[in-house]
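Undergrad: Before anything else, here's the structure in question.
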Amino acid sequence: MLQQTQVDRVIPKFEAFLRRFPSVDSLAAADLGDVLEMWHGLGYNSRAKRLRDAARVIAADGWPTDEAGLQTLPGIGPYTAAAVASIAFGEQVPAVDTNLKRVISRWRGLPLEGAPLTEAAMDELGDAPAGDWNQAVMDLGATTCRPRNPRCHDCPVQAWCVDPTVYVPPPRQSRFEGSLRQVRARILRDLADGPLPMSDVTEIDVRADEAVVALEKDGMVTVNGDRVSLAG
Ligand code: SF4
């Protein structure tokens with residue numbers, strides 16, 4: 001839920017989600033429509049499907065016990081796997097995301113990417129407990145070493161930071177209003193009440209055709225002849 005959605009918005013949704021699906025088995029058994037109902041307001045609905053699909057894998061095969069195992073689950077990429085493995089399992093891995101990239105690049109005075117970034121992160125991590133270190137870097141990046149206007153005067157690591165100007169922030173994310181994402185979300189909401197003929201779906205928006213193709217590709221809907229329905 002926290003991949004792309006702010007903490008304040010996630011907390012009440014997370015609590016309601018756990019009340020509705022209190023165990024991995026209950027989430028694994030849920031229809032996509034029920035999961036999307038509880039996900040409403042969090043955005044990026046494909047994450048809800050991947051979470052449910054991950055629950056199905058765990059219900060069948062048991063919990064992974066390391067970073068590599070976590071990465072085999074739907075929706076879990078290298079960053080989330082490293083964050084969970086370091087915090088929950090004590091594995092000695094840095095959680096490399098845009099926050100860490102920015103912080104380490106500024107510490108080193110170099111715009112780091114890919115393997116050199118991971119190498120530098122491993123080097124900075126050293127023998128520190130990785131779970132604590134990752135959370136410290138996350139907090140530093142979120143509150144002090146911000147993308148724009150870093151608060152260097154308040155920074156606890158200013159002494160070893162080489163160049164606060166090295167990082168160029170990426171362009172801001174495009175607006176949800178009027179986007180294909182918005183059309184996709186509207187289609188999923190309408191399908192939550194049951195399958196619809198394609199002719200009804202295309203009335204939702206002029207880009208509905210395009211949105212249905214994308215949703216089908218992501219495994220969110222199935223198209224059977226002229227009928228569109230939520231994937232099971
Ligand atoms: S000194 Fe400034 S640029 Fe360097 S880590 Fe701290 S906040 Fe970021």
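The values are calculated or read from the model by the stated rules, or taken from the named source; none is laboratory data. Since the model is a prediction, treat every value here as computed from it, not as a measurement. Ideal geometry is used to build each Cβ from the backbone, glycine not excepted, and the neighbour counts take in all protein chains shown.
Undergrad: So for segment 33-44 (the condition being without any contact (Cβ under 8 Å) to a residue 60 or more places away in the chain, assigned to a helix (DSSP H, G or I) and aromatic (Phe, Trp, Tyr)), does at least one residue qualify?
TA: At the first step, the residues of segment 33-44 found to be without any contact (Cβ under 8 Å) to a residue 60 or more places away in the chain are 34-35, 38-39, 41-42.
Subset that is assigned to a helix (DSSP H, G or I): 34-35, 38-39.
Filter once more, so that each one left must be aromatic (Phe, Trp, Tyr): 39.
Scanning segment 33-44 turns up at least one residue that is without any contact (Cβ under 8 Å) to a residue 60 or more places away in the chain, assigned to a helix (DSSP H, G or I) and aromatic (Phe, Trp, Tyr).
Undergrad: What's the total number of residues in segment 62-92 that are among the aromatic types (Phe, Trp, Tyr) and either buried (at least 20 other Cβ atoms within 10 Å of the Cβ) or farther than 15 Å from Pro129 by Cβ (or both)?
TA: Our first condition is that a residue be among the aromatic types (Phe, Trp, Tyr); within segment 62-92, this holds for 63, 79, 89.
Okay, now just the ones that are also either buried (at least 20 other Cβ atoms within 10 Å of the Cβ) or farther than 15 Å from Pro129 by Cβ (or both), so 63, 79.
Selection size over segment 62-92: 2.
Undergrad: Let me ask something additional. Is it the case, given these coordinates, that Arg47 is under 20 Å from the mean Cα position of the chain (by Cα) and within 28 Å of Leu191 (Cα to Cα)?
TA: Numbers: under 20 Å from the mean Cα position of the chain (by Cα): yes; within 28 Å of Leu191 (Cα to Cα): yes.
Criteria met by Arg47.
Undergrad: May I ask you to verify whether Leu125 is more than 16 Å from the ligand (Cβ to nearest atom) and of a type outside the set (Gly, Ala, Ser)? Steps first, please.
TA: Values: more than 16 Å from the ligand (Cβ to nearest atom): no; of a type outside the set (Gly, Ala, Ser): yes.
Answer is no for this residue.
Undergrad: Then there is this: For segment 130-161: of the residues being assigned to a loop (DSSP other than H, G, I, E, B) and loosely packed, with under 14 Cβ neighbours inside 10 Å, which is nearest to the ligand (Cβ to nearest atom)? Before the answer, list the steps.
TA: Step one: filter segment 130-161 for residues assigned to a loop (DSSP other than H, G, I, E, B), giving 144-151, 155-157, 161.
Remaining after also requiring loosely packed, with under 14 Cβ neighbours inside 10 Å: 148-149, 151, 156.
On the way: Arg148: 11, Asn149: 10, Arg151: 6, Pro156: 8 Å.
Only one residue tops the list, namely Arg151.
Undergrad: Okay, next question. Checking Asp127 against (1) outside any loop (DSSP other than H, G, I, E, B); (2) more than 26 Å from the chain's Cα centre (by Cα), only one condition comes out false. Which one?
TA: That leaves (1) as the condition not met.
Undergrad: Could you check, for segment 11-30, whether at least one of its residues is in contact (Cβ under 8 Å) with a residue 60 or more places away in the chain and under 15 Å from the mean Cα position of the chain (by Cα)?
TA: First pass over segment 11-30, keeping only residues in contact (Cβ under 8 Å) with a residue 60 or more places away in the chain: none.
Within segment 11-30, none of the residues are in contact (Cβ under 8 Å) with a residue 60 or more places away in the chain and under 15 Å from the mean Cα position of the chain (by Cα).
Undergrad: Scanning segment 170-183 for residues that are modelled with pLDDT of 75 or more and in contact with a helix residue (DSSP H, G or I) (Cβ under 8 Å, 6 or more places away or on another chain), which turns out surrounded by the fewest Cβ atoms within 10 Å (Cβ to Cβ)? If you could, list the steps in order and put the result at the bottom.
TA: Kept after step one, since they are modelled with pLDDT of 75 or more, are these residues of segment 170-183: 175-183.
Okay, now just the ones that are also in contact with a helix residue (DSSP H, G or I) (Cβ under 8 Å, 6 or more places away or on another chain), so 176, 180, 183.
Working: Phe176: 10, Leu180: 14, Val183: 21.
Filtering segment 170-183 for residues that are modelled with pLDDT of 75 or more and in contact with a helix residue (DSSP H, G or I) (Cβ under 8 Å, 6 or more places away or on another chain), the one surrounded by the fewest Cβ atoms within 10 Å (Cβ to Cβ) comes out as Phe176.
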